[in-house]
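Bear in mind that the values in this text are calculations on the coordinates, not laboratory data. Quantities reported herein were computed from a predicted structural model and do not represent experimental measurements. Here the Cβ positions follow ideal geometry from the backbone for every residue, glycine too, while neighbour counts run over all protein chains shown.
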Amino acid sequence: MAFSGGCQCGAVRYHVRGALEGAHLCHCRMCQKAAGNYFMPLASAAEADFTITRGEPAWFQSSDPVKRGFCQQCGTPLFFKTVGSCTIAVTLGSLDDPSAIEPESNDGVESRVRFVAILSGKPDRFSDRPDLAGGLEMIRLSNHQHPDNDTTEWPVKDKS
């Protein structure tokens, strides 16, 4: 079992050799702010099975016992580390295959935003982004996001 992941721009990449455990959606207020979202999906790996394969994350000490790693170039939240622990949590959305790990629980529910529980009942909409000239095709053609796999070089240098 192995997992790879990284940030949106590709400056930071990581690899986990082994299991990711305790997958959960954390609804605590600190995770909400760190993710800029209603919750943060996380799962833990043994630190001995975890390797940064490209770049170096920046770290923010969000409380005395916890620090959070993120890409200092694009801002992607990547890691959650309890100081002194032999594990490190990765953000599930930063995995190359974010659907590989299904969350087992909702944690920090005392701060859960009241309407999160009903979001799956809302209508699904597929948008062509009428607000952008060229719509989704414009985004696809001008995408600067790192692909969902390891690369030997990123960004790709112009070969012309």
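Give the Kirkwood hydrodynamic radius (Å, one decimal) of the chain, defined as one over the mean of 1/r across all pairs of different Cα atoms.
17.2
Go through 43-49, 134-140 and give me the packing order, highest mean Cβ count within 10 Å leading.
Descending mean neighbour count gives 43-49, 134-140.
Count of lysine pairs in the chain with Cα atoms under 24 Å apart, counting only pairs 8 or more residues apart in sequence or on different chains?
So the count of such lysine pairs works out to 4.
Between TRP59 and PHE115, take the C-beta separation as r, use R0 = 22 Å, and let me know the FRET efficiency to the nearest 0.05.
Between TRP59 and PHE115 the formula returns 0.10.
Rounded to the nearest 500 deg cm²/dmol, what is the calculated helix-only ellipticity per residue at 222 nm for the chain, with -39500 (n - 2.57) per DSSP H run of length n ≥ 4? Numbers along the way, then the final one.
Numbers: 2 runs with 14 residues, N = 160.
Helices in the chain give a 222 nm mean residue ellipticity of -2000 deg cm²/dmol.
Order these by the 10 Å Cβ neighbour count, fewest first: PHE79, PHE115.
Ascending number of Cβ neighbours within 10 Å: PHE115, PHE79.
What is the order of VAL83, VAL12, fewest Cβ neighbours within 10 Å to most?
The most exposed by this proxy come first: VAL83, VAL12.
Tell me, THR152, THR53, THR76 in order of fewest to most beta-carbon neighbours within 10 Å?
THR152, THR53, THR76
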